[in-house]
């Protein structure tokens with residue numbers, strides 16, 4: 001296994017005009033999850049009919065909520081996903097200057113999206129499966145993207161931290177040595193699992209995140225809503241989970257930027273962890289809320 005010293009890694013994403021850096025000493029990167037048809041029947045029907053207008057509302061709401069990057073997923077059964085993804089990316093680029101995370105398990109769609117994107121994207125995602133690494137990593141290299149990687153393989157989704165760390169080591173080794181992908185462009189998802197299924201999963205994820213941070217200094221992300229799936233008061237759980245994860249090395253999350261309680265908890269953690277110099281962003285946000293409240297008759 002190739003050894004890397006633990007240091008701050010900067011994962012740089014770009015649109016045509018804007019740069020976002022994911023790093024431990026930077027404010028937490030909120031990756032807006034809303035442009036995704038999963039669980040949205042009406043949105044799926046619109047996409048099947050070729051109507052992408054709902055994307056406009058989703059972009060506006062996530063930008064207003066404080067998203068730094070937008071995840072774009074067009075996985076709708078019985079559609080041409082590559083065509084939909086290209087059109088969605090082009091539409092998002094017309095609406096905002098935020099960088100994008102291109103989210104697809106279909107290789108043809110993934111490459112089509114990377115080909116038309118004007119910037120440096122984040123690819124969501126690759127696993128430690130040999131076939132998946134061999135299929136996705138060449139595209140990441142070809143289009144100079146960064147990539148989210150998950151430590152599960154053909155055999156299992158590991159429930160223990162040790163096995164997850166072994167698979168992270170494999171991903172880092174293959175990506176850096178076989179494909180020449182810079183280590184700072186590998187973002188690991190330490191596998192956030194539903195707390196409702198097993199109350200020990202969060203402890204395992206935190207341990208995995210800490211060990212990844214301390215061993216490689218890699219940036220980390222997660223699907224924040226996975227943790228609270230199936231539980232009541234989900235916003236409370238998510239708003240508690242993310243600051244805990246940040247203290248263990250989490251530097252970004254794919255989350256709903258339209259939820260003020262969760263976004264505020266992340267920004268408060270930025271301040272408390274020293275990633276909001278002199279509290280400038282926290283104070284400015286507070287003053288903006290006061291001004292907005294005062295403007296309401």
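What the table shows:
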| item | result |
| --- | --- |
| Condition met for residue 267 (modelled with pLDDT of 95 or more, assigned to a loop (DSSP other than H, G, I, E, B) and farther than 28 Å from residue 170 by Cβ) | no |
| Residue 130 being over 20 Å from the mean Cα position of the chain (by Cα), more than 23 Å from residue 177 (Cβ to Cβ) and surrounded by fewer than 19 Cβ atoms within 10 Å (Cβ to Cβ) | no |
| Unmet requirement for residue 152, which otherwise passes all of (1) closer than 18 Å to residue 185 by Cβ; (2) touching a strand residue (DSSP E or B) at 6+ places or on another chain (Cβ under 8 Å) | (1) |
| Per-region count, segment 84-97, residues out of contact with any helix residue (DSSP H, G or I) (no Cβ under 7 Å at 6 or more places or on another chain) and touching a residue at least 24 places away in the same chain (Cβ under 8 Å) | 3 |
| Scan of segment 60-70 for residues that are outside any loop (DSSP other than H, G, I, E, B) and more than 14 Å from residue 40 (Cβ to Cβ), ordered by number | 60, 62, 63, 64, 65, 69, 70 |
| Residue 31 farther than 26 Å from residue 268 by Cβ and under 14 Å from the mean Cα position of the chain (by Cα) | no |
| Qualifying positions in segment 217-241 - surrounded by fewer than 24 Cβ atoms within 10 Å (Cβ to Cβ) and in contact (Cβ under 8 Å) with a residue 40 or more places away in the chain | 217, 223, 225, 237 |
| Test: residue in segment 7-21 that is closer than 30 Å to residue 239 by Cα and free of Cβ contacts under 8 Å to residues at least 40 places away in the same chain | yes |
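Yes/no per residue for (1) over 19 Å from the mean Cα position of the chain (by Cα); (2) farther than 22 Å from residue 31 by Cβ:
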{"residue": "43", "(1), (2)": "yes, no"}
{"residue": "48", "(1), (2)": "yes, yes"}
{"residue": "51", "(1), (2)": "yes, yes"}
{"residue": "61", "(1), (2)": "no, no"}
{"residue": "69", "(1), (2)": "no, no"}
{"residue": "72", "(1), (2)": "no, no"}
{"residue": "78", "(1), (2)": "yes, yes"}
{"residue": "81", "(1), (2)": "yes, no"}
{"residue": "86", "(1), (2)": "yes, no"}
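The values are calculated or read from the model by the stated rules, or taken from the named source; none is laboratory data. These numbers were taken from a predicted model, which means no experiment stands behind them. Neighbour counts are summed over all protein chains in view; Cβ atoms, including those assigned to glycine, are modelled from backbone coordinates with ideal geometry.
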